Amino acid sequence: MKEEEVVEMQTRLSCNDVYLEAPLYDEGTDTMMDILSADEDVEDIVSKKNALSLLAGRVQEFKTTLNEKETCIFDHRLMTEEPRTLQELGTMLHISRERVRQIELRILKKAKASFNGDLMKLNIWPVCDNQGILKTSVRANTR
């Protein structure tokens, strides 16, 4: 062993152990664990991260079932923080805004069938009735 490694090991071994459950003060009830605890539950963070990762994969898989116009509307209207208006998309795709609305509705129906209601359970997708009519939305899609 190198001399540096021996010195480093002696330094580590000479330190006192810190017990997380031991009181910080002689008469106190606060412990080191109280100070170290996080505001958010680690299990919740990991669970949400896994769910989002799984969801991202399923969304990418779903996008492969869409044609070019549907993909454009899906990306620029449904999957963005600042959705483009029906008129903007209509101009971009050389179709009427009514046709964009119809295609958007068709995408929502496909998504509902593809995800078997999983997205609606997570409250991240507009809710449609049995005919695919948009009833409510997580964000306003009425532009």
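Rule-based calculations on the coordinates, nothing more; no lab input. In this text, all values refer to a predicted model and were calculated from it rather than measured experimentally. Heads up, the Cβs are rebuilt from the backbone with ideal geometry, glycines too, and the neighbour counts pull from every protein chain shown.
Observations
- Listed peptides 93-100, 55-62 appear in the order 93-100, 55-62 once ranked by packing, highest mean of other Cβ atoms within 10 Å at the front.
- The phi torsions of segment 86-91, fed into the Karplus equation with coefficients 6.51, -1.76 and 1.60 and a -60° offset, translate into couplings of 4, 5, 4, 5, x, 5 Hz, rounded to whole numbers, with Gly and Pro shown as x.
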